[in-house]
Amino acid sequence: DVIIPAGRGGLTQIDHLIKLPVGIAVIETKNYSGRIFGKEREATWTQVIGRQKNKFQNPLRQNYLHVEAIKKLVPESVDVFGQVLFVGDAKFKEMPEGVSSLRELTKHLNLPIERGIPQHIHDAWDAIEDAVQDDPGARERHLLAIKMEQA
């Protein structure tokens, strides 16, 4: 749970970052139940629980902005990729590319540890850590910017 400068100005909040031998994974976590309907390119998705329907922002689009913000912090030689992780008991009719459950994610990221992490990935990680906004007002500024966007 970090706040960093957004690639488009302002700040953005990222749920999880994972340093891997192949690059940096940017994970957006969603805890939903019910049935989820949404396609990769749709602006909003729908959660259905019984007869109740709730729309929410497409998390793939949301995470795309996070990935782009991280890419601005690290050298081009470092692969940065995003994944949306649903941790609740939500069910998809068709799970879009780039979305997974926790079980699927752990299988997907199951890389040989003995490979080690190359130095350029460690250096990129250090650059990300240097950019993290951990002052007490950063979260408030980020939330205020979101409210202003929605108004």
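Amide H contacts of Lys30 (H built 1.01 Å from N, in plane; Pro and chain starts excluded): Leu85, Phe86, Val87 sit under 5 Å, all sequence-distant by 5 or more or on other chains.
Once backbone amide H atoms are built at 1.01 Å from N, Leu20 has Ala25 as its partners under 5 Å, excluding neighbours fewer than 5 places away on the same chain.
For segment 37-50, backbone phi angles converted through the Karplus equation (6.51, -1.76, 1.60; θ = phi - 60°) give residue-by-residue couplings of 10, x, 10, 3, 9, 6, 5, 10, 10, 10, 9, 10, 10, x Hz, Gly and Pro being listed as x.
Dividing the helix sum by the residues of the chain, where each DSSP H run of 4 or more adds -39500 (n - 2.57), gives a mean residue ellipticity at 222 nm of -9500 deg cm²/dmol. Counting other C-beta atoms within 10 Å, and keeping those with at most 16, which DSSP coil GluC sites (Glu not before Pro) do you find in segment 1-109? Here the sparse-neighbourhood loop sites are Glu40, Glu42, Glu76, Glu94, Glu97. The charge dipole of the chain, taken about the Cα centre with unit charges on the Cβ atoms of Lys, Arg (+1) and Asp, Glu (-1), comes to about 980 debye, rounded to the nearest 20. DSSP finds beta bridges in the chain, and of those with both partners inside it, around 60 percent are antiparallel.
All C-alpha to C-alpha distances of the chain, sorted into 5 Å bins beginning at zero, yield P(r) values of 2, 9, 17, 19, 18, 16, 11, 6, 2, 1, 0 percent in whole numbers. A probe of 1.4 angstrom, applied to the heavy atoms of all protein chains, finds His120 with accessible area near 80 square angstrom.
For Phe92, the residues 5 or more places off, or on other chains, whose built amide H falls under 5 Å of its own are Ile36. Across the protein chains, with a 1.4 Å probe defining accessible surface, the residues Lys30, Lys39, Lys53, Lys71 rank Lys53, Lys39, Lys71, Lys30 from largest area downward. Sorting Ser33, Ser77 by accessible area puts them as Ser77, Ser33; the probe is 1.4 Å, largest comes first, and only protein heavy atoms count. Summing Lys and Arg as +1 and Asp and Glu as -1 over all other residues whose Cβ lies under 12 Å from the Cβ of Thr44 gives a net charge of +4.
The values are calculated or read from the model by the stated rules, or taken from the named source; none is laboratory data. Just so it is clear, the structure is predicted and the values come from calculations on it, not from any experiment. Cβ: placed from backbone, ideal geometry, glycine included. Neighbour counts: every protein chain shown. When the accessible area is computed, the model is the full protein with side chains, heavy atoms only, and any ligands, DNA or RNA have been set aside. Shrake-Rupley method; radii C 1.70, N 1.55, O 1.52, S 1.80 Å.
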